[in-house]
Amino acid sequence: MQTTQTNLMTSRLTIRAQNDGSDSDIGDQNGDTALATKPKSKTARPPMYKVMLLNDDYTPMEFVVHVLERFFGIGHSGAIELMLTVHKKGLAVVGVFSHEIAETKVMQVMECARQHEHPLQCTMEKE
């Protein structure tokens, strides 16, 4: 008889422990559980920036082609076409990037032009 009472008390304690609501599940009276979730917020896309090369009368065309290939990963024929666009129109967009990447590319181009003593200008503006 003593053993039966002990088993009954143990069973009641187990049931209470399971239904005490200590975990993150929400239970109903039938013992079914559902997970409470928070709605996910959408992450906004970062603003993009156009990187542009400006024409000048002194920077050699070959140097501009080299810059386009090296810093913007443009193939040789595409770099020649873009260089001619810069030459004829005065400027051309050479890429669109996030702010940090655009800023880095502008600095790299300007530093390379300075090291080679060319007045090539590279700018960026919000798209």
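The values are calculated or read from the model by the stated rules, or taken from the named source; none is laboratory data. Note that the coordinates shown come from a computational prediction; the quantities given were computed from them, not determined experimentally. Every residue, glycine among them, receives a Cβ derived from its backbone with ideal geometry; neighbour counts consider all protein chains shown.
Odds and ends about this structure:
- Here the helices (runs of 4 or more DSSP H) wholly within the stretch 1-109 that include at least 3 residues being modelled with pLDDT of 70 or more and under 23 Å from Glu127 (Cβ atoms) are 61-72, 76-89.
- Every pair of residues 6+ apart whose Cβ atoms lie under 7 Å, when the first sits in the stretch 99-127 and is surrounded by 11 or more Cβ atoms within 10 Å (Cβ to Cβ) while the second is of a type in the set (D, E, K, R) and at pLDDT 95 or above: Pro119/Asp56; Leu120/Asp56; Gln121/Asp56; Met124/Lys50; Met124/Glu103; Glu127/Lys50
- Scanning the stretch 110-127 for residues being part of a loop (DSSP other than H, G, I, E, B) and aliphatic (A, V, I, L, M) gives a total of 1.
- Within the stretch 48-98, tally of residues that are surrounded by 18 or more Cβ atoms within 10 Å (Cβ to Cβ), over 27 Å from the mean Cα position of the chain (by Cα) and of a type in the set (A, V, I, L, M, F, W, C): 4
- Check on Lys42, over 25 Å from the mean Cα position of the chain (by Cα), surrounded by fewer than 11 Cβ atoms within 10 Å (Cβ to Cβ) and among the basic types (Lys, Arg): no
- Filter result for Ser98 (in contact with a Pro (Cβ under 6 Å, 6 or more places away or on another chain) and among the small types (Gly, Ala, Ser)): yes
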